[in-house]
Amino acid sequence: MTDRIEVAATELRPLLEEFIMWARVNAPDSDPELVGPAALWHRLAFSSDLGTWKRADLRNLLLDRMPKVVEDPDSAADGMLPAVDAYLTFLSQTGRLTQGSDSLEGLREELDDVEDEFVELMEELLDDAEGDDADEEETGDLGDFEPFADELADLPTIRLRPDSELAAAAREVPLVAKARDLAVWVGSGRRVGEDTLLSDAEVEEALAAVGLPRPETDGSLAEAVPQLWNIWNLAVDLEFLEPGEGNTVAVQDDTSEWPFDDDEDVLDAWMLGLHSVDYGDPELPDDDLTMALAGLTRGVLVRLLLAGGSRELDGLRQELAEAAAEIDELGSDAWEAAGDPLAPAVDWLTGYGMVTLDASQGAGGTLSLTALGTEGVIHLVDDSDIEIDARPAIESMSAHELLALSAELPEEEADAEFAAWMRLREPGRAAEELLEAAAEDESDALIRVQAASVVGTLGEEAIPAWQAALKEPSLRPYAATHLSQLGVEGAPEPTQDDTHWLILDMWTISAGLGRSEFVSSLQDIGPDLLNNLLEVIWKIPHAHVEELLDLISQVHPDKQVAKAARRALFKARSNQ
């Protein structure tokens, strides 16, 4: 799952960088940084096409998805809708808003319609955050990751399994299947009660539907089946069940199709239910004792991760008992009252596919994270804004994933990733994959430069890949340069246009690093040579040529250079 988010973020990065430069001139009062999360979740949850925006998707994104993922509700309340408005305008003006989208006018109307509700949701999040901060200052709980932040940051690199493997595991998760069966039993438009959701007779039917035993009780059956209500809540989390009008609840149309065929859909669903780990915390008759053990299941997960994935259950039990006593004055009493507090936590985590218990190892058995469990706890750590080094497994990493990841790493670490990845491939094949990845998005100069740099180290074995790359306009300058350096007979000599393309790529990268870095790269050239370049470079059909010329006109300290950039920008726009 983390792999997919990283790929989507990498796909979006060039477009967002272009938008940021556009916004400086066309929407200076907006905060383009606020667009990133909205654009990312639009890509992940609503449309694989970055340019397809629908009114309904926009509403769901802002009122349903963003409240769950926004990091700064205060800034979002003030600036997200204007920023999204500017982004949609940018897509429209640059021809990125596809024909399948609703009109820009319609999308803007939707932004106006949701504004009051969106701001209200952000204010509620602020109120909740203030309350949470106060609660954390008073107590904290066993599921707080913050005390482990330094240890998590110091962990060696954690390798995550590919989405195909994770999706296969998620399809086998028993609790998701139970949630599906419960939702299908609920059906469409079932009326629920005010005191208890279901009558005792309905509870019996629901227990049978999900395969849970009927408990012996002298009181209300509905009050004696906490596991059933946890599965009910999970079905809501998974969006298998949805509240309706007039105290009704209904199954969603595609619920019965679980496990879904598409890996992405499977992982999306599983991730929606990830926070159900909290349902594994013990529930005691006394609310104060229950609260003393709050977060226990997350506490299990973080300790397993810190231990490299496995712990003996007896040692883990003792450590958590001591932690409960230290965090809350009722911790020891709660632990004793619960009998075996780890039992429900382990049961839920096992049922959600996150851990396995090997009873043959040690006195109490050994508890281990699964690949799905490691993915999930890494996601929870990310949600807590705690740094951790988690990367896709080398053997399952695509060339594009490798290039995107390496762009974020220090040079030595990036070199190590490339070396490990290429050890698994013949040099010629590695060159093909890297250059094919570089050709996927003509606007991504950083990926292109990285790929060309690495393939350039492979010598003659990369010649076939370079020859194939001559057919790609964005890669031709690199291919011609390297084939010429290798002395390949019949290879085209690099042209002046090729050189100009390479310069535009380097400018694009330096602009992405920040204003000071961009100005410095321009000043390294010198005003005379830069003026000469501006006379001709506007002709190059580069994805960022207009934005770069516009930026040069704004930031270059030499007024003559800035003026030349404005003239070049006018010519570039007139040349379309």
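Considering the conditions (1) at pLDDT 90 or above; (2) part of a loop (DSSP other than H, G, I, E, B), S164 is excluded by exactly one of them, (2). Note on region 125-148: residues that are assigned to a helix (DSSP H, G or I) and modelled with pLDDT under 90 total 14. Residues of region 225-251 that are assigned to a helix (DSSP H, G or I), open to solvent by 30 Å² or more (accessible area, probe 1.4 Å) and polar (S, T, N, Q): Q227, N233.
Check A343 against each of (1) open to solvent by less than 60 Å² (accessible area, probe 1.4 Å); (2) in contact with a Leu (Cβ under 7 Å, 6 or more places away or on another chain); (3) under 16 Å from L284 (Cβ atoms) and name the one condition it does not meet. Every listed condition holds for A343 apart from (2). Beta carbons closer than 9 Å, at least 6 apart along the sequence or on distinct chains, pair a first residue in region 224-242 that is touching a residue at least 12 places away in the same chain (Cβ under 8 Å) with a second that is basic (K, R) and surrounded by fewer than 21 Cβ atoms within 10 Å (Cβ to Cβ) for V225/R214.
Among A324, A294, which is the only one that is in a loop (DSSP other than H, G, I, E, B) and buried (at least 17 other Cβ atoms within 10 Å of the Cβ)?
Numbers: A324 fails: in a loop (DSSP other than H, G, I, E, B).
None of the other options fit; the residue is A294.
Is one or more of the residues making up region 158-172 more than 22 Å from the chain's Cα centre (by Cα) and surrounded by 21 or more Cβ atoms within 10 Å (Cβ to Cβ)? No, every residue in region 158-172 fails to be more than 22 Å from the chain's Cα centre (by Cα) and surrounded by 21 or more Cβ atoms within 10 Å (Cβ to Cβ).
In region 441-455, the count of residues that are open to solvent by less than 40 Å² (accessible area, probe 1.4 Å) and over 28 Å from the mean Cα position of the chain (by Cα) is one or more.
So which residues in region 168-192 are of a type in the set (A, V, I, L, M), farther than 16 Å from D254 by Cβ and modelled with pLDDT of 95 or more? Break it down into steps so the answer makes sense when it comes.
Our first condition is that a residue be of a type in the set (A, V, I, L, M); within region 168-192, this holds for 168-170, 173, 175-177, 179, 182-184, 186, 192.
Imposing the further condition that a residue be farther than 16 Å from D254 by Cβ reduces the set to 168-169, 173, 175, 192.
Correct list: A168, A169, V173, L175.
Look at L293 and say whether it is in contact with a Pro (Cβ under 8 Å, 6 or more places away or on another chain) and under 18 Å from P147 (Cβ atoms). Spelling it out, L293 is indeed in contact with a Pro (Cβ under 8 Å, 6 or more places away or on another chain) and under 18 Å from P147 (Cβ atoms). Within region 57-78, can you find the residues that are part of a helix (DSSP H, G or I), among the charged types (D, E, K, R) and in contact (Cβ under 8 Å) with a residue 24 or more places away in the chain? If the condition is that a residue be part of a helix (DSSP H, G or I), among the charged types (D, E, K, R) and in contact (Cβ under 8 Å) with a residue 24 or more places away in the chain, then R59, R65, D74 are the ones that fit. Cβ separations smaller than 7 Å between residues 6+ apart or across chains give no pair from region 374-402 residues that are more than 23 Å from L434 (Cβ to Cβ) to residues that are among the acidic types (D, E) and buried (at least 18 other Cβ atoms within 10 Å of the Cβ). Taken together, D49, D112 contain a single residue that is surrounded by fewer than 17 Cβ atoms within 10 Å (Cβ to Cβ), part of a helix (DSSP H, G or I) and not basic (K, R), which is D112.
Evaluated against (1) within 30 Å of F148 (Cα to Cα); (2) touching a helix residue (DSSP H, G or I) at 6+ places or on another chain (Cβ under 8 Å), A393 falls short on exactly one condition, (2). Just wondering, is there one or more residues in region 259-278 that are in a loop (DSSP other than H, G, I, E, B), among the small types (G, A, S) and closer than 19 Å to L357 by Cα? Among the residues of region 259-278, not one is in a loop (DSSP other than H, G, I, E, B), among the small types (G, A, S) and closer than 19 Å to L357 by Cα, which makes the answer no.
If L182 satisfies every condition in (1) in contact (Cβ under 8 Å) with a residue 40 or more places away in the chain; (2) part of a helix (DSSP H, G or I); (3) surrounded by fewer than 21 Cβ atoms within 10 Å (Cβ to Cβ); (4) in contact with a helix residue (DSSP H, G or I) (Cβ under 9 Å, 6 or more places away or on another chain) but one, which is the exception? Condition not satisfied by L182: (3).
When E489, E493, E436 are checked against the criterion of being over 25 Å from L16 (Cα atoms), in contact with a helix residue (DSSP H, G or I) (Cβ under 8 Å, 6 or more places away or on another chain) and open to solvent by 70 Å² or more (accessible area, probe 1.4 Å), E493 stands alone in meeting it.
Any residue that is within 17 Å of L107 (Cβ to Cβ) and out of contact with any Asp or Glu (no Cβ under 9 Å at 6 or more places or on another chain) - is there at least one of those in region 69-78? So far as region 69-78 goes, no, none of its residues is within 17 Å of L107 (Cβ to Cβ) and out of contact with any Asp or Glu (no Cβ under 9 Å at 6 or more places or on another chain).
Tally the residues that are within 33 Å of the chain's Cα centre (by Cα) and open to solvent by 10 Å² or more (accessible area, probe 1.4 Å), restricting the search to region 466-475. Here the count works out to 2. One residue stands out in region 551-565 among those that are surrounded by 22 or more Cβ atoms within 10 Å (Cβ to Cβ) and within 20 Å of A445 (Cβ to Cβ): the one that is farthest from the chain's Cα centre (by Cα), namely A565.
The values are calculated or read from the model by the stated rules, or taken from the named source; none is laboratory data. Everything numeric in this text was worked out from a predicted model, so none of it was measured. Cβ atoms come from the backbone with ideal geometry, glycine included; neighbour counts cover every protein chain shown. For the accessible areas, the whole protein counts, side chains as well, though only heavy atoms, and no ligand, DNA or RNA atoms are used. Shrake-Rupley method; radii C 1.70, N 1.55, O 1.52, S 1.80 Å.
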